[in-house]
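A.B. asks: Have a look at the structure that comes next, please.
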Amino acid sequence: MRQMARMRRGAMTAALLAAAMTGSLITGCTAGGDAIDDGRGNNQIPGPSQGTESPTPPASSGSVLAVKIDNVHAARPQTGLEAADIVYAEQVEGGLSRLMAVYASKLPKVVGPVRSARESDLELLRQFDEPTLAFSGAQRKLLPLINKAPLRAHPPGKASEDAYYRGTGKSAPHNLYLRPQRLAASAPGSGALTTGFHFGTAPAGGSPETSRTVKFPAARFTFTWSESRQRWLVAMDGTPTVTTDGNRVAPATVVVQYVKVRKSKYHDILGSNSPYTETVGSGTAKVLRDGRVFNVNWARPRATDGTEFTTADGAPMNFAKGQVWVVFAKA
């Protein structure tokens, strides 16, 4: 009897050990700390346990790299933001903000913290030719749309193992960083920026402008003109925006684009709706350059088109050479 009891205990111990090992393997394959998006959203990262494909090779040199960047207080300072050609600022759940940095002229060594994608990102990115999108994940129901979109989706699990890593200076989920060279063979050059933007001499007119603030329900951006640098110094939520290497983020042109921000069919884990920012259509905008503000019109007839900004007489609105920030404000 005692021998049979020992055999039963041995079998039970083996079963428990097997279950524990299986659980460890499953845990190692799933999303980890990014299951919650800013403490709000249901953010799923594709990984081997979700049936993703093997890592895809780096994109061709003709493709821009777009990176979704965390922008809550815990994520700052960001890394690699000053190297972007374009930085888009959009509203997300709870009135917070998130950034999308687009790289074409050069690729920094590191970018981040990387966070999740939204439905309206897919419309915004249609203006580029098969862009590469780096993001930490997305809501489960949105993943099929991302997979069908005409872009190269590279979240963790679909990129090379060393493309992403967890930093030690911030807590998860605000510490996921990207090595862009693992996703893009080289920077494609400014010719890949098929945005419709025009660069050149400023048009006549405009009004002197030293500072402009754009408010979201739970975030705000302030751009202050620096005469000495001939750039707009960025501050977010009242704090100067600097990168981890101490560089002040200072674009040459700022666009406050007034768009329709509506509810989408997606919600976060708290039930808050995910806003959808419509970037196809037409409307008005304010362009900040050279210490002046210009009232302009914008038009993007189709998702595959770039956005044309024009002055009151219909002439193209030239931007100053350098980084461009586009803040999508609710019309």
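The values are calculated or read from the model by the stated rules, or taken from the named source; none is laboratory data. What you see is a predicted model, and the numbers here were worked out from it, not measured in a lab. Cβ coordinates were reconstructed from backbone atoms using ideal geometry, including for glycine residues, and neighbour counts include every protein chain displayed. The protein model used for the area step is the full one, side chains on, heavy atoms only, and it has no ligands, DNA or RNA in it. Shrake-Rupley method; radii C 1.70, N 1.55, O 1.52, S 1.80 Å.
A.B. asks: In region 194-220, what residues are assigned to a strand (DSSP E or B) and either over 30 Å from His73 (Cα atoms) or not polar (S, T, N, Q) (or both)?
C.D. replies: If the condition is that a residue be assigned to a strand (DSSP E or B) and either over 30 Å from His73 (Cα atoms) or not polar (S, T, N, Q) (or both), then His198, Phe199, Ser207, Pro208, Arg212, Val214, Lys215, Phe216, Ala219, Arg220 are the ones that fit.
A.B. asks: Has region 110-123 got at least one residue that is aliphatic (A, V, I, L, M), outside any helix (DSSP H, G or I), at pLDDT below 95 and farther than 30 Å from Ala285 by Cα?
C.D. replies: no
A.B. asks: Collect the residues in region 130-157 that are part of a loop (DSSP other than H, G, I, E, B), touching a strand residue (DSSP E or B) at 6+ places or on another chain (Cβ under 9 Å) and surrounded by fewer than 20 Cβ atoms within 10 Å (Cβ to Cβ), keeping them in residue-number order.
C.D. replies: Glu130, Ala149
A.B. asks: Hey, another quick one. With Gln127, Gln181 as the choices, which residue is of a type in the set (S, T, N, Q), within 30 Å of Ala315 (Cα to Cα) and either modelled with pLDDT under 95 or not in a strand (DSSP E or B) (or both)?
C.D. replies: Going through Gln127, Gln181 in turn, the sole match is Gln127.
A.B. asks: Look at Ala101 and say whether it is more than 26 Å from Gly238 (Cβ to Cβ) and crowded, with 22+ Cβ neighbours inside 10 Å.
C.D. replies: For Ala101, the condition - more than 26 Å from Gly238 (Cβ to Cβ) and crowded, with 22+ Cβ neighbours inside 10 Å - is not met.
A.B. asks: Which pairs turn up if I take residues in region 236-250 that are in contact (Cβ under 8 Å) with a residue 40 or more places away in the chain and part of a loop (DSSP other than H, G, I, E, B) and look for partners that are open to solvent by 70 Å² or more (accessible area, probe 1.4 Å) and hydroxyl-bearing (Ser, Thr, Tyr) with beta carbon separation below 6 Å, at least 6 apart in sequence or on another chain?
C.D. replies: Short answer, once both residue conditions are applied: none.
A.B. asks: If I filter region 48-59 for residues that are crowded, with 20+ Cβ neighbours inside 10 Å, among the small types (Gly, Ala, Ser) and at pLDDT 95 or above, do I get at least one hit?
C.D. replies: Within region 48-59, not a single residue is crowded, with 20+ Cβ neighbours inside 10 Å, among the small types (Gly, Ala, Ser) and at pLDDT 95 or above.
A.B. asks: Please indicate, with yes or no, whether at least one residue in region 183-190 is small (Gly, Ala, Ser), under 30 Å from Lys286 (Cβ atoms), over 20 Å from the mean Cα position of the chain (by Cα) and open to solvent by 40 Å² or more (accessible area, probe 1.4 Å).
C.D. replies: no
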